[in-house]
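The values are calculated or read from the model by the stated rules, or taken from the named source; none is laboratory data. Computed from a predicted model, the values in this text were never measured in an experiment. A quick note on method: Cβ atoms are made from the backbone with ideal geometry, for glycine too, and the neighbour counts reach across all protein chains shown.
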Amino acid sequence: MDEKDILERIGDYVAEEQRLRERYQRRELSGAEEHRRLRELEVALDRCWDLLRRRRARREAGQDPDDAEPRPAGEVEDYLQ
């Protein structure tokens, strides 16, 4: 997945997040459903942003950005900044 693909996926996730919030406001889904899916989207977004940062760091260091692989959700979510 290249940088363009990652940014496109991020945009898709953000758009889905907005649609979920709108559906919840219109009472088309329960709070539990909204919360569950928002949590899934949060994890997916974190993984995308992590991969994008690591690809850019590899490029800046003169390394091949395509060698950066997506990390497991648990690893990305448990990272302390």
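So that you can scan it fast, the table gives a plain yes or no per residue for (1) more than 13 Å from the chain's Cα centre (by Cα); (2) surrounded by 14 or more Cβ atoms within 10 Å (Cβ to Cβ):
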| residue | (1), (2) |
| --- | --- |
| 19 | yes, no |
| 25 | yes, no |
| 39 | no, no |
| 57 | yes, no |
| 62 | yes, no |
| 65 | yes, yes |
Check region 10-27 and report whether any residue there is hydrophobic (A, V, I, L, M, F, W, C) and in contact with a Cys (Cβ under 9 Å, 6 or more places away or on another chain). yes
Restricting the first residue to region 24-44 and requiring it to be closer than 15 Å to residue 73 by Cβ, which pairs with a second residue that is aromatic (Phe, Trp, Tyr) meet a Cβ separation below 7 Å and a spacing of at least six or different chains? 41/13; 44/13
Going through 9, 37, 23 one at a time, which residue ends up being in a helix (DSSP H, G or I) and closer than 20 Å to residue 71 by Cβ? 9
In this structure, does residue 75 turn out to be modelled with pLDDT under 95 and out of contact with any strand residue (DSSP E or B) (no Cβ under 9 Å at 6 or more places or on another chain)? yes
